[in-house]
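Working notes, structure below.
The values are calculated or read from the model by the stated rules, or taken from the named source; none is laboratory data. Predicted, not measured: the structure shown is a model, and the values here were computed from it. Don't worry about glycine lacking a Cβ; one is built from the backbone with ideal geometry, like all the others, and counts go over all protein chains shown.
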Amino acid sequence: MSAGRRSGLPAADPAAGAPAIIEARGVGKRFDGVRALSGVDCVVRAGEVTAVLGDNGAGKSTLIGLLSGMHAPDSGELVVDGEVTRFASPRDARARGIATVHQDLALAPLMPVWRNFFLGAEPTRRGLLRAAECRRVAVAELARFGIELRDPDQPVGTLSGGERQCVAIARAAYFGARALILDEPTAALGVHQSGIVLRQIVRARERGLGVVLITHNPAHAYAVGDRFVLLRRGETFAHRLRDEVTPEELAKLMAGGAELDELYREVSELRADRAGRMAP
Ligand SMILES: Nc1ncnc2c1ncn2[C@@H]1O[C@H](COP(=O)(O)OP(=O)(O)O)[C@@H](O)[C@H]1O
Ligand SMILES: [Mg+2]
């Protein structure tokens, strides 16, 4: 595949067992003439987690926008189930089983957990909401992801940050997602809450979903990732499979390796300089 070689993807992908659900091939996107993304490759397979790593401004949100049908790429192509595809809208992407959980989670904090789980798609009979069934389904589906809900009537805003993220993920899975795109789900969370979300990502993978985990945290990426796509200034500067990389290498790649070494050197020179001036 020429698209793969162009950005340094291994020509023969040793992990290429499961079918690709969605693939970005050399995608690019400009906003008002500013290049946000260029020549980016990214594949999402059933039963795998693709971690997309990058610093602020690297192009992570733009890539999500393309995969989720919010923006159309200016160059390159999206391939869904082996077919070149142009999404007309996020709804169009969802209909193909590509669901995105954005950072705001699209939850109504004051509404009960079960209403948030269905949010406009509640089952009805003769125009009447089947509330008991909704509660039962919400409790059962969250339990499948390891969340023991004390009370389905509690407002979703009273759940912990990790649990709220889990409601959004379980909801997408229940409504037919095959690929789940998660935009920095652990960015605002502490260690314990991040663990709740990372465990849920593992469960989603075990259920055969393909997951895209967007993050700038290499430890979180390594905890669950099967493959890693590293973005910098809108380009993929590295692709790694899990057994090709250690957590330390991933952290170093993410930190910008040489750039960080340069920074350390500058700072230590400044410190030595100041120490010299302060010496009697
Ligand atoms: N809607 C937009 N209009 C103009 N520039 C944008 C827009 N979205 C993103 N950009 C630019 O594209 C680059 C990548 O941004 P983004 O995808 O948000 O990065 P990340 O999510 O990794 O922080 C940045 O330089 C940003 O300023
Ligand atoms: Mg972003």
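Name, by its number, the condition in (1) farther than 21 Å from His102 by Cα; (2) in contact with a Leu (Cβ under 8 Å, 6 or more places away or on another chain) that does not hold for Arg233.
Result: Arg233 passes all but (2).
Taking Val49 as the residue in question, decide whether it is more than 15 Å from ligand 2 (Cβ to nearest atom) and within 27 Å of Glu206 (Cβ to Cβ).
Details: more than 15 Å from ligand 2 (Cβ to nearest atom): yes; within 27 Å of Glu206 (Cβ to Cβ): yes.
The answer is yes for Val49.
Can you name the residue in segment 53-75 that is touching a helix residue (DSSP H, G or I) at 6+ places or on another chain (Cβ under 6 Å) and closer than 26 Å to Gln200 by Cα and, of all such residues, is nearest to ligand 1 (Cβ to nearest atom)?
To start, the set of residues in segment 53-75 that are touching a helix residue (DSSP H, G or I) at 6+ places or on another chain (Cβ under 6 Å) comprises 53-54, 68-71, 73.
Okay, now just the ones that are also closer than 26 Å to Gln200 by Cα, so 53-54, 68-70.
Numbers: Leu53: 10, Gly54: 5, Ser68: 12, Gly69: 15, Met70: 10 Å.
Among them, the one singled out is Gly54.
Inside segment 118-158, can you point out the residues that are basic (Lys, Arg) and surrounded by fewer than 13 Cβ atoms within 10 Å (Cβ to Cβ)?
Step one: of segment 118-158, the residues basic (Lys, Arg) are 125-126, 130, 135-136, 144, 150.
Of everything in segment 118-158, those that are basic (Lys, Arg) and surrounded by fewer than 13 Cβ atoms within 10 Å (Cβ to Cβ) turn out to be Arg125, Arg126, Arg150.
Quickly run through segment 151-167 and pick out the residues that are in a loop (DSSP other than H, G, I, E, B) and within 22 Å of Leu198 (Cβ to Cβ). So that I can check it myself, show each step before the final result.
Start the filter on segment 151-167 by keeping residues that are in a loop (DSSP other than H, G, I, E, B), which leaves 151-154, 159-160.
The answer is Leu159, Ser160.
Just a yes or no: is a residue in segment 170-185 in a strand (DSSP E or B), away from ligand 2 (no atom under 16 Å from the Cβ) and surrounded by fewer than 18 Cβ atoms within 10 Å (Cβ to Cβ)? Full working, then the answer.
Quick first cut of segment 170-185, residues in a strand (DSSP E or B) only: 179-183.
Checking the rest, the ones that are also away from ligand 2 (no atom under 16 Å from the Cβ) come to 179-180.
This time we only want the ones that are surrounded by fewer than 18 Cβ atoms within 10 Å (Cβ to Cβ), so: none.
The answer is no, given that none of the residues of segment 170-185 is in a strand (DSSP E or B), away from ligand 2 (no atom under 16 Å from the Cβ) and surrounded by fewer than 18 Cβ atoms within 10 Å (Cβ to Cβ).
Provide a single number: the residues in segment 52-89 that are within 16 Å of ligand 2 (Cβ to nearest atom) and assigned to a strand (DSSP E or B). Talk me through it step by step, then tell me what you get.
At the first step, the residues of segment 52-89 found to be within 16 Å of ligand 2 (Cβ to nearest atom) are 52-68, 70-71.
Now narrow it down to the ones that are assigned to a strand (DSSP E or B): 52-54.
The qualifying residues number 3.
It is to be established whether one or more residues within segment 205-215 are assigned to a helix (DSSP H, G or I) and either surrounded by 12 or more Cβ atoms within 10 Å (Cβ to Cβ) or not assigned by TED's automatic domain parsing to the domain that holds Arg45 (or both). Working first, answer last.
Step one: list which residues in segment 205-215 are assigned to a helix (DSSP H, G or I), which gives 205-206.
With either surrounded by 12 or more Cβ atoms within 10 Å (Cβ to Cβ) or not assigned by TED's automatic domain parsing to the domain that holds Arg45 (or both) added as a condition, the list becomes 205.
Yes, segment 205-215 contains at least one residue that is assigned to a helix (DSSP H, G or I) and either surrounded by 12 or more Cβ atoms within 10 Å (Cβ to Cβ) or not assigned by TED's automatic domain parsing to the domain that holds Arg45 (or both).
Give me the pairs, please: first residue somewhere in segment 65-87 and over 20 Å from Ala46 (Cβ atoms), second residue anywhere and assigned to a helix (DSSP H, G or I), beta-carbon distance under 8 Å, and either six or more positions apart or on two chains.
Met70/Ile64; Met70/Pro90; His71/Thr62; His71/Gly65; Ala72/Leu66; Pro73/Leu66; Gly76/Ala3
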